[in-house]
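Everything below concerns the one structure shown next.
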Amino acid sequence: MGDGLPAAWDRGARWYRRASRERRRRETVGAAVAAVLTHLQDLASVAALRQRYCGHDGEWVRGVAVRCGLEEEQPVDLRRLEDAAYGLRWLEIEHDRHFDLRKPLVPQLSLGLLDQEEDRASDGAGSAAADACAKGTRDG
């Protein structure tokens, strides 16, 4: 089974890395990503992270977004929000890191780190399973 970062999670982490450069985005979208990431902190392995992702239907993220005021203020891509949080948690687990989402991610997360994971992600069956979930074929 492959250990690479699933492509959907990689795209989500890249998206939020760019978005986090703007203070307003960190305060709005970032608050929701941080709330989802906090929900994932109890997971200590990549396997458990993939299992949680496939076990949820994704709708729970809508509740997080509403609590953070996103749905009222602006339309938000819930899948992208969720994938960003899962991708960031994957990176935290694999590289023993912790991201501070109150600050821009650019100095905290190098693109080189994501590039390495992207290369490995295309090789693994585990990544394919998580990507299948990301495409809307989750169980549950």
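Quickly run through region 19-42 and pick out the residues that are under 25 Å from residue 111 (Cβ atoms) and not in a helix (DSSP H, G or I). Those that are under 25 Å from residue 111 (Cβ atoms) and not in a helix (DSSP H, G or I): 20, 21, 22, 28, 40, 41. Looking at region 52-140, the helices (runs of 4 or more DSSP H) lying wholly inside it that each contain 2 or more residues that are in contact with a Gly (Cβ under 6 Å, 6 or more places away or on another chain), at pLDDT 85 or above and closer than 14 Å to residue 13 by Cβ sit at 78-95. Has region 2-18 got any residue that is at pLDDT below 95, surrounded by fewer than 16 Cβ atoms within 10 Å (Cβ to Cβ) and within 23 Å of residue 111 (Cβ to Cβ)? Yes: one or more hits.
Residues that are without any contact (Cβ under 8 Å) to a residue 60 or more places away in the chain and among the acidic types (Asp, Glu) within region 1-54 comprise 22, 27, 42, listed in sequence order.
Just so you know, in region 30-49 the residues that are within 12 Å of the chain's Cα centre (by Cα) and within 19 Å of residue 14 (Cβ to Cβ) include one that is surrounded by the most Cβ atoms within 10 Å (Cβ to Cβ), and it is 33.
Annotation note: Cβ proximity below 6 Å between a residue of region 97-108 that is more than 17 Å from residue 36 (Cβ to Cβ) and a residue that is of a type in the set (A, V, I, L, M, F, W, C) and surrounded by 13 or more Cβ atoms within 10 Å (Cβ to Cβ) (sequence gap 6+ or interchain) occurs for 108/99.
The values are calculated or read from the model by the stated rules, or taken from the named source; none is laboratory data. Because the structure is predicted, anything quoted here is derived from the model rather than measured. Glycine also receives a Cβ, built like all others from the backbone with ideal geometry; neighbour counts cover every protein chain displayed.
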